Amino acid sequence: MADQWQSSMDHAVAIARRAGEVVREALLDDRAVMTKSSSVDLVTQTDQKVEQLIIQSVKEKFPTHRFIGEESVAAGESCVLTDCPTWIIDPIDGTTNFVHAFPFVAVSIGFSVNKQVEFGVVYSCLEDKMFTARRGKGAFCNGQPLEVSEQKDIQQSIVATEFGSSRAPEAVDRIFCSLKNVLSIPVHGLRGAGTAAINMCLVASGCVEAYYEIGIHVWDVAAGSLIVCEAGGVLMDVEGNGPDANTSCLPARCVSDGCLCAGGEVDLMSRRIIAANSRTIAERLVREIAPFRPPRDDAPPPN
Ligand code: IPD
């Protein structure tokens, strides 16, 4: 049977590549930096330009589809997911890297229908790596199949994480507490590419065994979540509650209205995630992470 979403996915790959060219060209120019939720939550005109480029081109081809885009939400649009076909876009994942020309920057496009992620595209523009996954059909990098690492011993593992863009003292304390705990397991190493999407692709590629973060947004992880699951990995909340042990990681299931899940009961609107090669590694991390709850992506705006 023909794949209903194939033409949308083909379009996502083409537009991610075009967006990546714009990002690469912009790296040659001066980058005027603005801030959003805090002085370290950065945005540039390129983020806004690339998001508009993607949205315009999708609208022309698929006029009924909806959007959740990082910069549109920053400009006041709502971040509410419906059952309609929805493009979840991070035009530049790794904006801080982009500003500093630190060489990991991604265009991330997830696509959901009935609150399930149907395909994910992450284009690591400076490495020229196109990561793709279609639900039930595997994950690929530049056309080559991806598989997570088989390592189940966390002491033989590399774990990726990020510091995020909150500098609220309680959040910083929790982040450092988790770092200390995980480092002291001990793991072989801690890494962070500076982009959630690329960190998740590193899990899918088998280069790191796990990635966790509290404070990410749905546009950072929608595409990567499917890429991890389709490469054989699992997703879990930082307090556990992943798919049960006998369930293979079949994205995606909705656990409550307004949420978006992939690979069991991970709520992609919750701003918390563990993406791992296995349930064993994910559960081990749950024991070490000091959890906190940032406001959900789909929370109503404060009065
Ligand atoms: C950020 C990156 C970063 C992560 C932040 C994200 P942005 O996305 O993914 O690695 O630590 O939580 O917000 O702002 O560069 O699109």
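Rounded to whole numbers, the Karplus 3J(HN,Hα) couplings from phi for region 92-109 are 9, 8, x, 4, 5, 4, 4, 4, 9, 6, 6, x, 10, 9, 10, 9, 10, 10 Hz, using 6.51 cos²θ - 1.76 cosθ + 1.60 with θ = phi - 60°, and x at Gly and Pro. Counting only DSSP beta bridges with both residues in the chain, the antiparallel share comes to about 80 percent. What the chain shows is 44 Å² of accessible area per residue, with the surface traced by a 1.4 Å probe over protein heavy atoms. Placing +1 on each Lys and Arg Cβ and -1 on each Asp and Glu Cβ, with no other charges, gives region 1-149 a dipole about its Cα centre of roughly 340 debye. The apolar share of the surface of region 155-224, taken as the fraction of accessible area on carbon and sulfur atoms (1.4 Å probe, ligands and nucleic acids excluded), comes to 56 percent. Take ARG17: with every protein chain present and a 1.4 Å probe, its accessible area is about 100 Å².
The values are calculated or read from the model by the stated rules, or taken from the named source; none is laboratory data. Remember, predicted model here, so these are calculated numbers, not experimental data. Every residue, glycine as well, gets a Cβ built from its backbone with ideal geometry; the counts of neighbours run over all protein chains shown. For the accessible areas, the whole protein counts, side chains as well, though only heavy atoms, and no ligand, DNA or RNA atoms are used. Shrake-Rupley method; radii C 1.70, N 1.55, O 1.52, S 1.80 Å.
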